[in-house]
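Remarks on the structure that follows.
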Amino acid sequence: MRRLLLWGVVLIGLYLLLGLGFHIGWKEAREACRAQMAARGEFVEPEVFGGPLALAFDLTWWPVYAGANFYHDGTIFATPCTH
């Protein structure tokens, strides 16, 4: 039973670590896109879900976001600049 619990904790930790990497990569891609749009004089939407709320969503739902981004734009870090 302890071994099973240990494996569960390891898998959850790995899942959250991958989610953290996804959060950081996607945030950097969005910031770069916002900078490009602002440099072109386009409207830049404000960040709606920021800070701890965005981190919580990205840590838990990163497979859904990555799958949808890849399906629609061909990259897991989709932004308005990748359309």
Check your understanding: In the range 62-83, what residues are within 14 Å of Leu18 (Cα to Cα) and touching a residue at least 24 places away in the same chain (Cβ under 8 Å)?
Key -> Trp62, Tyr65, Ala66, Ile76, Phe77
Check your understanding: Does Phe77 qualify as being touching an Asp or Glu at 6+ places or on another chain (Cβ under 9 Å), surrounded by 11 or more Cβ atoms within 10 Å (Cβ to Cβ) and assigned to a loop (DSSP other than H, G, I, E, B)?
Key -> yes
Check your understanding: For the range 9-49, what are the residues that are part of a loop (DSSP other than H, G, I, E, B) and either under 13 Å from Leu59 (Cα atoms) or of a type outside the set (Val, Ile, Thr) (or both)?
Key -> Arg40, Gly41, Glu42, Phe43, Glu45, Pro46, Glu47, Phe49
Review point. Just wondering, is there one or more residues in the range 50-64 that are of a type in the set (Gly, Ala, Ser) and surrounded by 13 or more Cβ atoms within 10 Å (Cβ to Cβ)?
Key: yes
**Study point:** Complete set of residues in the range 34-49 that are loosely packed, with under 12 Cβ neighbours inside 10 Å and either under 15 Å from Phe22 (Cα atoms) or of a type in the set (Val, Ile, Thr) (or both)
**Key:** Val48
Check your understanding: So which residues in the range 1-59 are basic (Lys, Arg) and either closer than 19 Å to Thr79 by Cβ or in contact with a Ser or Thr (Cβ under 6 Å, 6 or more places away or on another chain) (or both), if there are any at all?
Key -> Lys27, Arg30, Arg34, Arg40
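All of the numbers you see were taken from the coordinates with simple rules; none came from a lab. Small disclaimer: the values here were computed from a predicted structure and weren't measured. Note that we place each Cβ from the backbone using ideal geometry, even for glycine, and neighbour counts take in every protein chain shown.
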